[in-house]
Structure formats: C-alpha cells, structure tokens
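The values are calculated or read from the model by the stated rules, or taken from the named source; none is laboratory data. What you see is a predicted model; the values in this text were computed from it and never measured. Positions of Cβ are generated from backbone atoms using ideal geometry, with glycine treated the same way; all protein chains shown enter the neighbour counts.
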Amino acid sequence: MSLTITKLDKELDSKTEAFASLIDAKVNERLIAEVVRCELMNLRSGNAHAKIRSEVRGGGKKPWKQKGTGRARHGSSRSPIWVGGGTTFGPRNTRNWKLKINKSARISALKGILKDRLLENNVFEFGAKFNFVKTKDFVIAIEDYLKKTKTQLKNTLVIYTSEDKEKLAGLTNTDIEMVNVDHLRIHKLTKAVNYLFTPTARKKLEARFDTK
C-alpha cells in the first residue's frame with residue numbers, strides 16, 4: 001500500500017507518493033477523540049464566576065425578627081432563594097480545566113487523522129510555483145479542485161509555513177481556514193475534510209514524522 005496526495009497545478013494534476021512513514025500508522029478514533037477533548041479543555045479560560053451568598057454585598061442584618069410577623073423566617077437577604085442573593089452551584093473560576101496529554105499520544109493522533117485523510121484521497125498540495133497574493137488568483141486555481149471534490153472552501157484547511165504566508169495573502173478574503181505547520185492542532189484537523197499543503201509544509205511535516 002502507498003499513500004498519495006494530489007498535486008494541484010495549472011499545468012499538472014497528478015498524484016505523488018507522500019508520507020511513507022504513515023503506512024504502518026493506525027487510525028485510532030478513540031485516541032483522536034481523547035486528544036481533541038484535551039486540547040479543547042486546555043483552551044478553556046474558566047472565567048465564568050458566580051458569587052455565593054458569602055460573597056454577595058449586604059445581607060448582614062436579619063430581614064425581620066424570627067417570630068410574630070406571620071412571614072417565613074429568614075436570616076439574610078443574600079440567601080439563594082432571594083432575588084439578588086447568592087447563586088447555588090454556579091460556575092466558579094477556581095476550577096482547573098487543564099488536562100494532561102502525552103506527547104506520544106498527540107503524535108499518534110496526528111498521524112492517525114492525517115492517514116485517514118490520505119486514505120480518502122482528501123490531501124492535496126499546491127504546485128511549486130503557487131502564488132496567491134490576490135484572491136482572484138486563488139479562486140481561479142482552485143476552481144477545478146472544487147468541482148472534482150464537490151466540497152466548499154469552509155471544509156478545507158490550508159497548511160503552510162511562515163515563509164509561505166506572503167504568497168497566501170489572497171486567502172484571507174475567503175472562507176478557507178489556514179494553520180501553520182508548526183502549530184497544528186488536532187481539533188482543527190478533525191473539523192476539516194480536505195487538507196491543502198504548501199510544498200514546504202508537506203516536506204517539513206514528513207521530516208518531523210521521520211524523526212519520531
């Protein structure tokens with residue numbers, strides 16, 4: 001078995017072998033889901049905070065005497081059953097949402113999700129001379145790709161390197177999402193149906209897998 005990617009070029013639209021190190025990689029859906037959960041949990045800021053009755057201002061005085069008024073007894077106007085009182089079981093900013101994720105688990109999940117897209121022939125690569133400084137240049141170049149895959153730009157993730165960023169300036173006006181190959185996140189990869197690599201990004205990721 002060989003893993004191939006489709007090269008998108010004005011002159012040539014062919015397949016080429018890539019990511020040979022992923023041939024023996026396993027697509028572990030449970031591991032990928034676990035890594036995605038850890039990433040999303042670690043992104044939580046945990047700023048939501050509701051005051052409990054001891055934190056609400058006022059309420060130190062007993063609203064009325066214990067007996068003789070005919071009303072229910074109360075000791076503080078800051079009770080959770082009073083309007084303006086404290087909140088029971090509300091969100092607290094003291095909770096730690098962070099989850100630990102092993103580096104080896106994250107790498108395995110990355111290999112698994114990439115191999116899954118490779119097996120489905122949903123991994124593509126720009127031609128060596130790509131240049132999309134203008135949005136219309138990208139739209140023209142990608143038109144055939146959209147027709148063949150019957151997909152939308154919002155389902156495609158462009159993976160690039162820092163040196164490629166200037167050439168992809170035209171993509172900022174489209175619905176397409178971009179991510180630097182040095183900052184790949186599994187939850188972003190799982191949301192995208194198709195991956196579009198720049199040549200340098202693909203080679204850089206291959207080199208990273210070869211050293212693992």
Looking only at the range 78-108, count every residue that is of a type in the set (Gly, Ala, Ser) and either at pLDDT 95 or above or over 30 Å from Arg202 (Cβ atoms) (or both) and tell me the total.
5
Considering residues of the range 34-47 that are within 12 Å of the chain's Cα centre (by Cα) and part of a helix (DSSP H, G or I) only, the residue surrounded by the fewest Cβ atoms within 10 Å (Cβ to Cβ):
Asn42
Among the residues of the range 168-179, is any buried (at least 16 other Cβ atoms within 10 Å of the Cβ) and modelled with pLDDT of 90 or more?
yes
Of the residues Ala25, Ala72, only one is loosely packed, with under 11 Cβ neighbours inside 10 Å, among the hydrophobic types (A, V, I, L, M, F, W, C) and in a loop (DSSP other than H, G, I, E, B); which?
Ala72
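When you check Lys136 against the structure, is it modelled with pLDDT of 80 or more and either within 26 Å of Asp24 (Cα to Cα) or touching a helix residue (DSSP H, G or I) at 6+ places or on another chain (Cβ under 8 Å) (or both), yes or no? First the steps, then the outcome.
Details: modelled with pLDDT of 80 or more: no; either within 26 Å of Asp24 (Cα to Cα) or touching a helix residue (DSSP H, G or I) at 6+ places or on another chain (Cβ under 8 Å) (or both): yes.
No: the conditions fail for Lys136.
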Considering only the range 153-167, how many residues are surrounded by 13 or more Cβ atoms within 10 Å (Cβ to Cβ) and either under 13 Å from Phe132 (Cα atoms) or among the hydroxyl-bearing types (Ser, Thr, Tyr) (or both)?
7
Conditions (1) surrounded by 10 or more Cβ atoms within 10 Å (Cβ to Cβ); (2) without any contact (Cβ under 8 Å) to a residue 12 or more places away in the chain; (3) part of a helix (DSSP H, G or I); (4) not acidic (Asp, Glu) -> Ser104 fails only (1)
